[in-house]
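Below is one structure; the comments refer to it alone.
The values are calculated or read from the model by the stated rules, or taken from the named source; none is laboratory data. Keep in mind that what you see is a predicted model, and the values were worked out from it rather than measured. FYI the Cβ positions are ideal-geometry reconstructions off the backbone, even for glycines, and counts take in every protein chain you see.
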Amino acid sequence: MPRIFAYIIHRSGMFDDSGAELLAAAKRIDPTATPTAIIAGWGPNLDAACSSLQTSFPEIWKIANEALAYPNAEVVRHALVSILPAGSIVLVLHDHFGIDLAPGLSIKLNAAFVSDVLAIEGVEGNFLKVVRQELGGQVSTHARCDISTGAVINVRPGAFKPEPDVTAAGEVVDKSSSVGTLSAKRRYIETIVAEGGDVDITKHAVLVSIGRGIQEKDNVVIAEELAEALGAAVSCSRPVVDAKWMEKSRQVGSSGKTVKPKVYLACGISGAFQHLAGIKGSPFLIAINKNPKAPIFQIADVGIVDDILEFLPLLTEKVRELRGAAAK
Ligand SMILES: Cc1cc2nc3c(=O)[nH]c(=O)nc-3n(C[C@H](O)[C@H](O)[C@H](O)COP(=O)(O)OP(=O)(O)OC[C@H]3O[C@@H](n4cnc5c(N)ncnc54)[C@H](O)[C@@H]3O)c2cc1C
């Protein structure tokens, strides 16, 4: 079995469950694997990030280089090519940075490439069997990937339940001297931090999230009333922001915010992977959608087939009634 690596994407040393998710994906490839984490960056943040990986991975390869102080997939690619053993399997998260990094990395390594993998069915001979979705989640594709010269796999965020921490403290191996001088044609210019907005959806335990199914701005109030009754906040999918029905700060997803609520009500949301990428921590997911074949039902804990414009006001009424009765 080839050696398995997980490339850890971080922001100034901070990362979410994605390391533990890649660990889970590695275990699906080989349950006996002891995957190695690789993390690249510069400064004290990098050492802090290495420390936080020590409970998850038995070995962590650190690449410290001033050229890696700011995110630049081209530079990271050069660094990885210098240290990865031939024939390795490299797991990279399918987020903006991972999508930029992984395909070119596979070409440089002469390895196979599969993007947006959401399940791994194991290895058969030289083939890794994976599942990915196509046509916006309408079709699941079962693919066989030839790993005889290695593979780079983009793993969908949230698709694998994070592996619990291992007890042993992982060893940090400094690989910085093996990468040589790093340069790139692409230059980092600046990071633009999105505006905060009036409500911080990342801090709420319960989110009532609305999608295109809400149909028009005037209907948003239906979700706001339910949220108020539940003590929740309203979040949304991207089309709702594009239509200017809600502020960008309320958007959940790969180009919006990452949330980690305990309960997530997806109302009139189809379940596109770019939306699901923003939901972390395996919340209790309740999906309300009038289309019984909506992809969101595949991952929902509770699925309700109904028109949200009729169902949400009834739910609000019921919640108010129960809360009123509980207060007496
Ligand atoms: C680079 C990129 C980044 C992206 N980033 C994000 C992101 O951060 N967040 C995000 O959300 N999306 C993002 N998207 C868009 C994403 O691909 C989907 O298009 C989007 O998530 C779909 O939103 P939706 O589910 O609200 O709409 P749709 O896919 O149109 O689904 C609407 C759903 O509502 C249901 N419905 C309609 N009317 C009702 C009703 N009355 N009652 C009940 N159900 C009803 C329909 O059956 C349908 O399932 C991104 C796309 C790209 C290309």
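Observations on the model:
- Residues of the stretch 6-51 that are surrounded by fewer than 17 Cβ atoms within 10 Å (Cβ to Cβ) and polar (S, T, N, Q): 12, 32, 34, 45, 51.
Residues are listed down the side, and each one gets a yes or a no for (1) farther than 25 Å from residue 156 by Cα; (2) in contact (Cβ under 8 Å) with a residue 24 or more places away in the chain; (3) assigned by TED's automatic domain parsing to the domain that holds residue 118:
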{"residue": "193", "(1), (2), (3)": "no, no, no"}
{"residue": "207", "(1), (2), (3)": "no, yes, no"}
{"residue": "224", "(1), (2), (3)": "yes, no, no"}
{"residue": "233", "(1), (2), (3)": "yes, yes, no"}
{"residue": "256", "(1), (2), (3)": "no, no, no"}
{"residue": "267", "(1), (2), (3)": "no, yes, no"}
{"residue": "271", "(1), (2), (3)": "no, yes, no"}
{"residue": "278", "(1), (2), (3)": "no, yes, no"}
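- Screening the candidates 69, 48, 26 for the property of being within 19 Å of residue 180 (Cα to Cα) and assigned by TED's automatic domain parsing to the domain that holds residue 107 yields one hit, 69.
- Of everything listed in (1) touching a helix residue (DSSP H, G or I) at 6+ places or on another chain (Cβ under 9 Å); (2) part of a loop (DSSP other than H, G, I, E, B), the single unmet condition for residue 293 is (1).
- Evaluating residue 325 against the criteria (1) touching a Leu at 6+ places or on another chain (Cβ under 7 Å); (2) assigned to a helix (DSSP H, G or I) leaves one unmet condition, (1).
- Counting only residues that are closer than 19 Å to residue 249 by Cα and either away from the ligand (no atom under 12 Å from the Cβ) or among the acidic types (Asp, Glu) (or both), the stretch 185-200 holds 9 of them.
- The criterion of at least 1 residues that are under 21 Å from residue 147 (Cα atoms) and of a type outside the set (Lys, Arg) is met, among strands (runs of 3 or more DSSP E) falling completely within the stretch 1-104, by 4-7, 36-41, 89-93.
- Here residue 255 fulfils each of the conditions (1) under 26 Å from residue 97 (Cα atoms); (2) buried (at least 19 other Cβ atoms within 10 Å of the Cβ); (3) among the small types (Gly, Ala, Ser) apart from (2).
- Test: residue in the stretch 208-221 that is surrounded by 18 or more Cβ atoms within 10 Å (Cβ to Cβ) and at pLDDT below 95: no
- Matching residues, the stretch 300-313, being within 13 Å of the ligand (Cβ to nearest atom) and not aromatic (Phe, Trp, Tyr): 300, 303, 304, 305, 306, 307, 308, 309, 310, 312, 313
- Residue in the stretch 137-181 that is farthest from residue 107 (Cα to Cα), counting only those that are in a loop (DSSP other than H, G, I, E, B) and among the charged types (D, E, K, R): 165
- Residues within the stretch 234-258 that are within 11 Å of the ligand (Cβ to nearest atom) and assigned to a strand (DSSP E or B), tallied: 5
- Cβ pairs under 8 Å, 6+ apart, first in the stretch 316-328 and in the same structural domain as residue 208 (by TED's automatic domain parsing), second not aliphatic (A, V, I, L, M): 316/225
- Residues located in the stretch 263-296, provided they are at pLDDT below 95 and more than 9 Å from the ligand (Cβ to nearest atom): 279, 280, 281, 282, 283
- Only residues that are under 19 Å from the mean Cα position of the chain (by Cα) and at pLDDT 95 or above were counted in the stretch 224-258, giving 7.
- Once the stretch 18-31 is narrowed to residues that are touching a residue at least 12 places away in the same chain (Cβ under 8 Å) and over 22 Å from residue 260 (Cα atoms), the residue that is nearest to the chain's Cα centre (by Cα) is 26.
- Qualifying residue in the stretch 126-133 (condition: in contact with a Cys (Cβ under 7 Å, 6 or more places away or on another chain), crowded, with 21+ Cβ neighbours inside 10 Å and closer than 24 Å to residue 15 by Cα): no
- The numbered conditions (1) crowded, with 21+ Cβ neighbours inside 10 Å; (2) among the polar types (S, T, N, Q); (3) over 30 Å from residue 327 (Cα atoms) are all true for residue 249 except (1).
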